[in-house]
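The values are calculated or read from the model by the stated rules, or taken from the named source; none is laboratory data. Here the structure is a predicted model, which is why all the values come from computation and not from measurement. As a convention, Cβ positions derive from the backbone with ideal geometry for all residues, glycine included, and neighbour counts pool all protein chains shown.
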Amino acid sequence: MADTQTGIGAAVRRKEDARFITGAGRYTDDIDQAGQAYAVFLRSPHARATIGGIDRAAALQVSGVAAVYTGADLVADGIGDLPCGWLVKSKDGSDMIQPPHPPLAVDRVNYVGEPYGVVIADTLQAARDGAEAVVTDFNELPAVVDVATADQADQIHEPVPNNQCYDWELGDSAATDAAFAAADHVASLDIVNNRLIPNAMEPRAAVGDYDAASGVYTLYTTSQNPHLERLVLAAFVQVAPESRLRVVSPDVGGGFGSKIFVYAEETAVIWAAGKLRRPIKWRAERSESFLADAHGRDHVTKAELALSADGTFLGLRVNTIANMGAYLSTFASSVPTYLYGTLMAGQYKTPAIHVGVRALFTNTAPVDAYRGAGRPEATYVVERLVETAARELSMDPSEIRRRNFIQPDDFPYETPVALTYDTGDYEASLDKALQHADYQGFSARRAASEANGNRRGIGFSSYIEACGLAPSQVALSLGAGVGLFESAEVRVNVTGSVTVITGSHSHGQGHETTFAQVVSDQLGISIDDVEVVHGDTGRSDYGLGTYGSRSIAVGGSALTRATEKIVAKGKKIVAHNFETTDDNIDFEDGVFSERESNRSMTFAEVAFASYVPANFPLDELEPGLSEKAFYDPGNFTYPAGTHVCEVEIDGETGVPTIMAFVAVDDFGHVINPMIVEGQVHGGLCQGIGQALLEHGVYDEAGQLVTGSYMDYCMPRADDVPSFTVDTTVTPCTHNPLGVKGCGEAGAIGATAAVMNAVTDALGVKSLAMPATSETIWKALGSAG
Amino acid sequence: MEVTLSVNGTSHTLDVPDNALLVEVLRERLGLTGTHVGCDTSQCGACVVHMDGRAVKSCTVLAGQADGADVTTIEGIGTADELHPMQEAFRECHALQCGFCTPGMIMAAIDLVQTNGNLDEQAVRDGLEGNLCRCTGYHNIVRAVLAARDNM
C-alpha cells in the first residue's frame with residue numbers, strides 16, 4: 001500500500017532517531033575490542049623541518065608501551081603513499097605534479113600536526129606518556145605559508161618547482177578577451193575565500209583488528225565511503241588485498257567532506273594491528289582534528305565581469321590561486337578545477353568565460369573538499385561580482401540577475417565551461433525568494449534601522465551547483481581515478497520484509513528513512529518492513545559513498561533500478577502462477593494482478609513463492625527474490641536557487657545580526673521535505689559561518705593559530721537566525737526519481753548572500769571574510 | 001581513589017585514577033557510550049550529563065568530584081518505548097542529523113527548560129550557546145526545545 005504518510009514526498013520522522021536520542025548510537029569510538037591497544041600519533045611541531053633522527057628508546061621503556069613506529073617502518077614494510085585520486089592536467093598538457101605523501105612522514109615534515117610516528121600502548125595514558133618520551137631531532141626550515149606568494153618561496157617538495165601542482169584553465173580565452181574589449185563596463189573584485197576547518201562534531205577515529213586465523217583485517221573508521229577507503233588501502237597503500245580487508249563505517253558523526261579522504265591515522269592503525277596482532281584504537285583529540293583533518297576553501301582570486309550598459313553579461317574572467325596545503329589529499333586536485341571552474345556560468349547566459357587556476361603547495365594542512373567543494377567558491381566569485389556590477393550600474397540586484405538568467409526554454413543549456421544544464425527555472429526561485437523576503441518592504445526597514453543609528457543591508461545569491469557526482473566516463477576522461485556510479489541491492493526476505501543494501505553512506509543525512517521511503521513506495525510495502533544497511537564492505541558489494549550531494553540522485557537511482565528488477569521478476573512469477581504472460585500482469589500498491597481478471601497475488605505471497613518454489617518457473621527463473629543494480633548517472637544534476645539575506649549592523653559596535661534569511665531551492669522532486677529542510681538549515685549555518693565567523697589562520701611560522709574551539713569561531717545557536725526555507729520544482733530530466741540532491745546547497749548559496757548584505761549595509765564594495773564585528777566596525781569607521 | 005556514585009539510579013563503587021574524568025568513567029567503566037567526547041576544551045557540550053539535577057560537562061568534572069553524586073545520562077532519561085518529552089520533541093522536530101551532539105544537546109536542553117520559567121526563542125539560543133551542532137544549523141533544535149517546554 002503506497003502510503004501517503006510514509007511514501008515519496010512525506011515528512012516521515014526518521015527511523016534512525018530512536019537510537020540517537022536514547023544514546024544507543026554506535027560510533028567508532030564506542031567500539032572496543034578485547035585486548036585492544038591504544039595509538040597516539042607523533043606530530044610535527046614545525047611547519048617545515050627535516051628529521052635528523054627519532055630516538056624511541058625512552059618511549060619503549062614506558063610501562064605499557066608496546067611499540068613505537070615511524071614512517072621508515074611503514075616504508076620498510078612496503079606500505080605505499082596516500083594517493084590523490086584525480087589527475088588534473090595543466091594547460092600545457094602536462095600532468096599535475098604529485099609530491100610523495102607517505103602516511104607517516106619519513107625524513108621531512110611539511111605542516112604542523114603532520115604525523116611522523118605512532119606510539120602504541122596498553123592504555124591511552126601509557127601511549128601519551130610514550131609519545132612524550134620520544135625525542136625527535138628536527139632541523140627547522142623557513143615555512144611557506146602565504147599562498148599568494150608561494151610560487152616565489154622556498155621549494156617545499158623536491159619534484160615540484162615553484163611549489164606549483166598545476167596551472168589549469170577552462171573556457172575560451174580569446175573570446176573572453178574580445179568580450180572585455182567590447183564591454184561598456186567591467187566590474188572587478190579581488191577575493192580571498194577564507195580557509196575553513198570542517199569540524200564534524202565526531203572527531204575522526206579508527207579501530208583496527210587483524211584476525212591471524214583468517215588473515216582478515218577489519219577496520220572500523222569514520223569514513224563517508226568505506227569502499228573507497230578499502231580500495232585505497234588495498235590497491236595503493238597495500239595493507240592487504242580487498243578480499244582480506246573489511247572496512248566498516250558505523251554511525252558517523254558528520255563528515256562535510258572531511259571524512260571522504262584516506263588519512264594517515266587509519267592507515268597506520270590497520271597496518272600496526274597486523275604487525276602487533278592485536279586490535280588498536282585511535283580517536284582524534286579535537287586539537288588533532290584542527291591540525292590534521294583536511295581543511296577547506298582557501299583561494300585567492302581576481303575576477304572580472306564584462307557587461308553592456310544595460311547590464312547584459314558579456315564575459316567573465318577569473319584567475320585563482322588555490323592552496324593545496326602541504327600534500328595532495330584524496331580529491332584535492334579536483335576541487336578548484338572541475339568542481340569550481342565548471343560552475344562559473346552560474347545561472348546566467350554569460351557567453352564567454354575563461355578561468356585559470358594555479359594550485360600551489362604551502363606548509364599548511366592539506367586542503368580538500370569541504371561541504372560544497374569548489375562550488376561555494378565559484379558561487380562566491382560569481383554572485384559577489386554580479387552584485388558589484390549591479391551597484392556600479394545602479395541596477396536592482398534582482399533585476400540584473402533576471403536579465404541574464406538562462407530561461408526555461410533554453411534547456412538543455414550548454415555553458416561555456418563544459419557543463420550541460422538539464423533543467424531549471426531560475427526566475428521562479430528568485431520570485432519566490434523575493435516574496436518571502438518581503439523585498440518590497442526592505443527600504444522601509446532600512447530607514448527604520450538608520451533612524452536608530454544602525455545599518456541595514458540586503459544581499460542575494462542565485463547559485464547553481466553540479467551534483468549527483470558523477471557520470472563515470474565524463475569524470476574518468478577528466479582525470480578521475482574511480483568510477484562514480486552507485487550500487488544498490490534489494491533483498492526481499494522470505495516473508496516479505498526487505499533488506500536494502502546501499503553503497504551510499506549516511507552520516508546524518510537520514511538514508512535509513514529516505515531510502516526506505518523510496519523502496520516502500522515502489523514496492524507498496526510498509527516502511528516498517530524496509531531496513532537499510534550501509535557502511536560495511538562486508539555486507540555490500542561495492543559503493544562510492546556519500547559526498548557531492550550524490551546519495552539520492554545516484555544511490556537512489558540505483559535503488560530504483562533494483563526495485564524495478566524485483567517487480568519485473570515478480571511479474572514473471574505471478575504470470576507463471578496464473579498461466580499467463582508477464583506483460584499481462586500489473587503491479588500497483590504492493591499487489592500483482594492479472595489484467596482483466598480478479599486474480600492477484602500480494603508482494604508477500606510472491607516473496608514466499610520465490611523462496612518456496614512449489615509453483616515456480618524454475619526452468620526459466622532462478623529461485624529467490626534479490627536484485628542488485630549499479631547506476632551510472634547520465635549527467636550531473638543541477639540544483640539551483642536564490643538565497644536572500646537581510647542583515648542589521650549595530651552602528652556603534654559593528655555587530656552584525658541576520659534579521660532574516662530566505663532560501664528557495666530547486667532540488668527537483670523531494671523524497672522527505674523535513675529532511676531536505678534540515679539539510680538546507682545546516683548548510684546555511686555553515687555558509688553563514690564562513691561569511692561572519694570562521695577562519696583557519698596560520699601565523700608566519702606556519703603555526704595554526706585557530707587550533708581549538710576557543711580560537712576558531714564555530715557558529716553557535718545565538719549566532720544564527722531561524723531560516724525561511726522553501727522549494728520550487730523542476731524535476732531532473734535524466735534520473736528515474738527526478739531528484740537533484742540537497743546536501744550542499746545551503747553552504748554554496750549562503751556565503752555570498754551574507755556578504756552581499758553586509759557590504760550593502762556598509763556601502764562598501766568588498767570586505768574580507770569572515771566579516772567579524774571587528775572587521776565591520778573598522779569598515780564602519782572608514783565608510784563614514 | 002574509590003568513588004561511589006549513582007548513575008541512572010544504580011549505585012556504583014569504583015576504583016579510579018585520581019585524574020579520571022567523569023566522562024571516562026561513564027564511557028569506559030560503565031559502558032554508557034551515549035555520552036560523547038567532541039572536543040578537548042570544554043566547548044562543544046557533547047558530553048553534558050546531569051549531576052544532582054544540573055547540567056555539567058562531564059569532560060570537565062573529575063570522577064572524584066562526582067563522589068556521592070546522582071548522575072543521569074542520556075541513557076537514563078527515557079527508553080525507546082517511553083521517551084522523555086525532550087527526546088520526543090527532538091525526533092518530532094527533526095532536531096538531529098548525525099546524532100553526535102544530540103545526547104549532550106538534549107541533556108543541556110532539559111536543564112534549560114527546568115531552570116527557566118520564560119523560555120522564548122532567544123533564551124533558548126542563548127541557553128544552548130555551550131553546545132555545538134554542525135549539522136542542523138540549530139533551527140530545528142530551537143523548535144524542539146520550545147515544543148518540549150510546553151510538554152515538560
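Quick look at the numbers
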quantity: Candidate set from region B:2-29 (those that are of a type outside the set (Gly, Ala, Ser) and part of a loop (DSSP other than H, G, I, E, B)); member that is surrounded by the most Cβ atoms within 10 Å (Cβ to Cβ); calculated: B:Val16
quantity: Residues within region A:145-182 that are of a type outside the set (Asp, Glu), surrounded by fewer than 17 Cβ atoms within 10 Å (Cβ to Cβ) and over 25 Å from A:Asp107 (Cβ atoms), tallied; calculated: 9
quantity: Residue tally, condition at the interface with chain A (Cβ under 9 Å from one of its Cβ atoms) and of a type in the set (A, V, I, L, M), over region B:19-42; calculated: 2
quantity: Failed criterion for A:Gly93 (all others in (1) of a type outside the set (Phe, Trp, Tyr); (2) touching a residue at least 24 places away in the same chain (Cβ under 8 Å); (3) assigned to a loop (DSSP other than H, G, I, E, B) hold); calculated: (2)
quantity: Scan of region A:150-205 for residues that are touching a strand residue (DSSP E or B) at 6+ places or on another chain (Cβ under 7 Å), within 29 Å of A:Thr706 (Cα to Cα) and not in a strand (DSSP E or B), ordered by number; calculated: A:Ala150, A:Asp151, A:Ile156, A:His157, A:Val160, A:Asn163, A:Arg195, A:Ile197, A:Pro198, A:Glu202, A:Pro203
quantity: Residues that are within 12 Å of chain B (Cβ to nearest Cβ), buried (at least 23 other Cβ atoms within 10 Å of the Cβ) and under 30 Å from A:Ala212 (Cα atoms), drawn from region A:258-301; calculated: A:Lys259, A:Lys281
quantity: Some residue of region B:143-151 being within 7 Å of another protein chain (Cβ to nearest Cβ) and touching a residue at least 40 places away in the same chain (Cβ under 8 Å); calculated: no
quantity: Whichever residue in region B:53-65 is within 15 Å of the chain's Cα centre (by Cα) and not in a strand (DSSP E or B) and, among such residues, is farthest from A:Glu285 (Cα to Cα); calculated: B:Gly53
quantity: Some residue of region A:119-136 being in contact with a Gly (Cβ under 7 Å, 6 or more places away or on another chain), part of a helix (DSSP H, G or I) and either buried (at least 22 other Cβ atoms within 10 Å of the Cβ) or not acidic (Asp, Glu) (or both); calculated: yes
quantity: Evaluation of B:Val49 against (1) within 12 Å of chain A (Cβ to nearest Cβ); (2) touching an Asp or Glu at 6+ places or on another chain (Cβ under 9 Å); (3) in a strand (DSSP E or B); (4) not basic (Lys, Arg) (one fails), failing number; calculated: (2)
quantity: Selection count where residues are within 13 Å of another protein chain (Cβ to nearest Cβ) and among the polar types (S, T, N, Q), scope region A:646-658; calculated: 1
quantity: Residue match in region A:315-331 (condition: hydrophobic (A, V, I, L, M, F, W, C), surrounded by fewer than 24 Cβ atoms within 10 Å (Cβ to Cβ), at pLDDT 95 or above and within 15 Å of A:Thr388 (Cα to Cα)); calculated: no
quantity: Check on B:Asp15, in contact with a strand residue (DSSP E or B) (Cβ under 8 Å, 6 or more places away or on another chain), among the acidic types (Asp, Glu) and without any contact (Cβ under 8 Å) to a residue 60 or more places away in the chain; calculated: yes
quantity: Pick from region B:70-82, criterion in a loop (DSSP other than H, G, I, E, B) and buried (at least 19 other Cβ atoms within 10 Å of the Cβ), ranking: nearest to the other protein chains (Cβ to nearest Cβ); calculated: B:Thr73
quantity: Subset tally (residues that are in a strand (DSSP E or B) and out of contact with any Phe, Trp or Tyr (no Cβ under 6 Å at 6 or more places or on another chain)) for region A:279-301; calculated: 7
quantity: Breaking point among (1) touching a helix residue (DSSP H, G or I) at 6+ places or on another chain (Cβ under 9 Å); (2) not in a loop (DSSP other than H, G, I, E, B); (3) not acidic (Asp, Glu), for A:Thr350; calculated: (2)
quantity: Residue within region A:726-745 that is at pLDDT 95 or above and within 12 Å of chain B (Cβ to nearest Cβ) present; calculated: yes
quantity: Residues being more than 11 Å from chain B (Cβ to nearest Cβ) and polar (S, T, N, Q) - total across region A:659-718; calculated: 3
quantity: Number of the condition not met by B:Arg125 [criteria: (1) in contact (Cβ under 8 Å) with a residue 24 or more places away in the chain; (2) within 12 Å of chain A (Cβ to nearest Cβ); (3) part of a helix (DSSP H, G or I); (4) crowded, with 19+ Cβ neighbours inside 10 Å]; calculated: (1)
quantity: B:His139 vs. criteria within 10 Å of another protein chain (Cβ to nearest Cβ) and free of Cβ contacts under 8 Å to residues at least 40 places away in the same chain; calculated: yes
quantity: Identity of the residue in region A:1-34, without any contact (Cβ under 8 Å) to a residue 12 or more places away in the chain and β-branched (Val, Ile, Thr), that ends up farthest from B:Pro85 (Cα to Cα); calculated: A:Thr4
quantity: Residue pairs meeting the criteria (Cβ under 9 Å; at least 6 apart or on separate chains; first at pLDDT below 95, in region A:686-707; second part of a loop (DSSP other than H, G, I, E, B)); calculated: none
quantity: Residues being outside any helix (DSSP H, G or I) and either basic (Lys, Arg) or over 25 Å from the mean Cα position of the chain (by Cα) (or both) - total across region A:234-244; calculated: 4
quantity: Failed item, numbered, when A:Ala133 is tested on (1) closer than 30 Å to A:Gln36 by Cβ; (2) in contact (Cβ under 8 Å) with a residue 60 or more places away in the chain; (3) within 26 Å of the chain's Cα centre (by Cα); calculated: (3)
quantity: Wholly within region A:424-539, helices (runs of 4 or more DSSP H) carrying at least 3 residues that are in contact with a strand residue (DSSP E or B) (Cβ under 8 Å, 6 or more places away or on another chain), over 30 Å from A:Lys89 (Cβ atoms) and not assigned by TED's automatic domain parsing to the domain that holds A:Ile649; calculated: A:511-523
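Here is a yes/no grid of residues against (1) under 21 Å from A:Asp77 (Cα atoms); (2) in the same structural domain as A:Ala268 (by TED's automatic domain parsing); (3) not small (Gly, Ala, Ser):
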| position | (1), (2), (3) |
| --- | --- |
| A:Val207 | yes, yes, yes |
| A:Leu219 | yes, yes, yes |
| A:Glu229 | yes, yes, yes |
| A:Val232 | yes, yes, yes |
| A:Ala235 | yes, yes, no |
| A:Val239 | yes, yes, yes |
| A:Gly253 | no, yes, no |
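Every residue, every condition in (1) within 30 Å of A:Pro142 (Cα to Cα); (2) surrounded by 24 or more Cβ atoms within 10 Å (Cβ to Cβ), yes or no:
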{"site": "A:Thr364", "(1), (2)": "yes, yes"}
{"site": "A:Arg371", "(1), (2)": "no, yes"}
{"site": "A:Tyr380", "(1), (2)": "no, yes"}
{"site": "A:Glu383", "(1), (2)": "no, yes"}
{"site": "A:Val386", "(1), (2)": "no, yes"}
{"site": "A:Ala390", "(1), (2)": "no, no"}
{"site": "A:Met395", "(1), (2)": "no, no"}
{"site": "A:Glu399", "(1), (2)": "no, no"}
{"site": "A:Pro408", "(1), (2)": "no, no"}
